[in-house]
Amino acid sequence: MAKKNYKEMAEKILKLAGGKENIISVTHCLTRLRFNVRDKSLINKEELEKISGVLGLQWSGEQLQVIIGQDVGNVYEEFCILANVPEKEIINENLDGNLMKTKEKLTLKGIVNKVIDAVGACISPIQNVIIFAGIIKIITAALGPSVLNIFPESSDVMRILNIAGDTGFYFLPVFVAYAGSKKFGCNTPLALLIAGILLSPSLIEIINAGETFSVYGIPMTLTSYGNSFLPMVLITWVMAYIEKQLVKIIPNSLKSLLLPLSLMLIMLPLALCVLGPIGTWLGEIIATVIVELHKVAGPLTIAIIAALWSLLVATGMHHALIAIAVSYISSIGYDDSILIGAIICFYAMMAIDLAYLIKAKNAEDRVTASSSLITLAFGGISEPSIFGILLKNKRALINIMIGGFIGGFYAGIMNVYIYFPATGNIFGALGYAGKAGSFTNGVIASALAFVVAFGISMITGFDDNKKISFKRK
């Protein structure tokens with residue numbers, strides 16, 4: 001998109017979103033313009049989707065996300081100017097939290113959407129940490145005695161790489177505390193303090209010694225929180241609610257003293273005796289369910305995930321699954337289903353992008369395909385491919401499902417594992433590194449998905465102008 005068109009595109013989006021009077025706040029991520037509005041009925045969704053350069057729309061809780069791709073930053077700048085909204089609002093997601101509150105009917109669908117939104121908001125800001133730690137662990141495994149044998153385990157190089165990789169996972173509660181505080185609106189430094197308490201060497205000594213311990217007379221479950229994800233999600237969620245109630249009760253003249261003191265005194269027993277253990281148990285239950293599902297369904301588990309992963313990303317449900325997989329790797333050292341299916345799907349998606357580029361009948365299709373392929377292959381961002389190609393062509397969606405299913409089924413048969421959360425790009429197969437057999441078969445599974453999806457697409461072509469009606473569930 002040329003520079004001169006950013007303002008025009010922003011004007012159209014703003015107009016169809018109900019005008020600047022309807023905008024509460026606006027921010028953006030790598031591919032999406034995200035804003036909250038006062039009145040959803042003023043949004044013309046059908047016309048918004050027709051704007052050139054808009055790849056799709058998605059509601060996430062009360063937030064409308066306009067999927068644009070790599071040009072979103074330029075559109076965002078123009079949008080802020082037109083809507084008279086300062087760009088600094090991107091720093092604080094909860095700035096207009098009170099304006100967004102509306103009474104909604106409590107439904108199962110609504111609850112599921114809110115849970116997915118919360119988990120996604122807690123994992124998205126820390127993905128760089130997870131990816132870094134995963135890549136470092138991959139490099140360490142490759143350089144060590146079990147693979148290339150370049151450095152012995154006792155060398156300084158291996159020791160510092162192990163420290164860096166382990167730190168990224170072990171201090172996961174600290175990173176989640178930061179993300180959770182931003183999502184739910186609690187005090188960030190105090191949330192980080194609670195995470196620090198959970199990982200305190202003194203607390204770890206008590207847990208390792210198996211001592212009976214209580215907080216204000218309430219028995220504390222002896223649980224280790226290193227590498228955990230769900231406990232801090234629950235803690236920051238409850239902490240935000242309690243903080244808001246304390247703000248209403250404590251006089252303004254005493255807030256600076258009593259608010260942090262009262263909040264921490266309340267949260268200590270809740271975090272250590274209630275929410276932390278619940279989060280840990282939930283993680284263990286989920287891990288057990290996945291293990292049992294894998295035992296029952298066998299290779300079909302990975303095949304189904306690989307076939308449906310693009311749709312899971314489109315609905316936003318993938319965030320919750322990634323969180324489960326990360327917790328799974330942290331607890332037992334590997335994931336045998338979720339991330340394997342995701343990576344296999346990414347390779348099938350690259351094949352679809354490449355075939356679509358070769359089959360493109362006009363300049364617009366070539367630009368869409370090339371930008372989607374580059375963004376996915378090197379940036380690990382799949383939304384342009386999903387909303388720009390897959391959900392606009394039934395044949396493309398069918399082809400990626402076939403390729404993903406076949407690649408996933410092979411990975412299931414060969415007992416492929418993911419040992420580290422790798423990037424969702426061309427280097428995603430490095431996540432299989434850990435055992436030689438798993439890596440080799442993981443690469444074969446990914447290649448199989450690519451070849452099948454590409455071959456079918458080249459033979460059958462694509463259904464032009466047959467857009468799929470797709471709604472977020």
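The values are calculated or read from the model by the stated rules, or taken from the named source; none is laboratory data. Note that the structure is a prediction, hence the values are computed from the model and not measured. Positions of Cβ are backbone-derived with ideal geometry, glycine not excepted, and every protein chain shown enters the neighbour counts. For accessibility, only protein heavy atoms count, side chains too; no ligands or nucleic acids. Shrake-Rupley method; radii C 1.70, N 1.55, O 1.52, S 1.80 Å.
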| query | Given the conditions (1) within 22 Å of ASP166 (Cβ to Cβ); (2) open to solvent by less than 50 Å² (accessible area, probe 1.4 Å); (3) not polar (S, T, N, Q), which single one is not true for GLU205? | reply | (2)
| request: Answer yes or no: is there a residue in the stretch 50-71 that is surrounded by 16 or more Cβ atoms within 10 Å (Cβ to Cβ), modelled with pLDDT of 80 or more and part of a helix (DSSP H, G or I). | output: no
| query | Just a yes or no: is a residue in the stretch 181-194 at pLDDT 85 or above, open to solvent by less than 20 Å² (accessible area, probe 1.4 Å), under 21 Å from the mean Cα position of the chain (by Cα) and under 14 Å from SER228 (Cα atoms)? | reply | no
| Hey, does the stretch 292-302 have a residue that's over 21 Å from the mean Cα position of the chain (by Cα) and at pLDDT 85 or above? | yes
| query | Does at least one position in the stretch 371-384 carry a residue that is modelled with pLDDT of 90 or more, under 24 Å from the mean Cα position of the chain (by Cα) and more than 30 Å from THR140 (Cα to Cα)? | reply | no
| Subset of the stretch 20-49 (residues that are within 24 Å of GLY388 (Cα to Cα), free of Cβ contacts under 8 Å to residues at least 60 places away in the same chain, within 26 Å of the chain's Cα centre (by Cα) and outside any strand (DSSP E or B)) | LYS45, LEU48, GLU49
| Residues (open to solvent by less than 50 Å² (accessible area, probe 1.4 Å) and either within 30 Å of ILE266 (Cβ to Cβ) or hydroxyl-bearing (Ser, Thr, Tyr) (or both)) located in the stretch 167-180 | PHE169, LEU172, PRO173, VAL174, VAL176, ALA177, ALA179, GLY180
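Is there a residue in the stretch 151-166 that is touching a Lys or Arg at 6+ places or on another chain (Cβ under 6 Å) and either surrounded by fewer than 19 Cβ atoms within 10 Å (Cβ to Cβ) or modelled with pLDDT under 90 (or both)?
The answer is yes, given that some residue of the stretch 151-166 is touching a Lys or Arg at 6+ places or on another chain (Cβ under 6 Å) and either surrounded by fewer than 19 Cβ atoms within 10 Å (Cβ to Cβ) or modelled with pLDDT under 90 (or both).
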| In the stretch 448-473, what residues are open to solvent by 50 Å² or more (accessible area, probe 1.4 Å) and modelled with pLDDT of 85 or more? | LEU448, PHE450, VAL451, PHE454, MET458, ILE459, THR460
| Subset of the stretch 256-269 (residues that are touching a helix residue (DSSP H, G or I) at 6+ places or on another chain (Cβ under 7 Å) and either among the small types (Gly, Ala, Ser) or open to solvent by less than 60 Å² (accessible area, probe 1.4 Å) (or both)) | LEU259, PRO260, SER262, LEU263, MET264, MET267
| said: Being crowded, with 21+ Cβ neighbours inside 10 Å and more than 30 Å from ILE130 (Cβ to Cβ) is the filter here; which residues of the stretch 357-398 pass it? | reply: LYS392, ASN393
| remark: Within the stretch 221-245, the count of residues that are surrounded by 17 or more Cβ atoms within 10 Å (Cβ to Cβ), more than 12 Å from LEU275 (Cβ to Cβ) and not polar (S, T, N, Q) comes to 3
| task | Report yes if ILE90 is modelled with pLDDT under 65, part of a helix (DSSP H, G or I), touching a Ser or Thr at 6+ places or on another chain (Cβ under 6 Å) and surrounded by 13 or more Cβ atoms within 10 Å (Cβ to Cβ), otherwise no. | result | yes
| message | Name the residue that is farthest from VAL296 (Cα to Cα), counting only residues in the stretch 390-427 that are part of a loop (DSSP other than H, G, I, E, B) and free of Cβ contacts under 8 Å to residues at least 60 places away in the same chain. | response | PHE427
| task | Hey, can you tell me all the residues within the stretch 417-444 that are at pLDDT 90 or above and closer than 20 Å to LYS295 by Cα? | result | ASN441, GLY442
| So which residues in the stretch 6-36 are open to solvent by 20 Å² or more (accessible area, probe 1.4 Å), under 17 Å from ALA83 (Cα atoms) and of a type outside the set (Ser, Thr, Tyr), if there are any at all? | LYS7, GLU8, GLU11, LYS12, LYS15, LEU16, GLY18, LYS20, GLU21, HIS28, ARG34
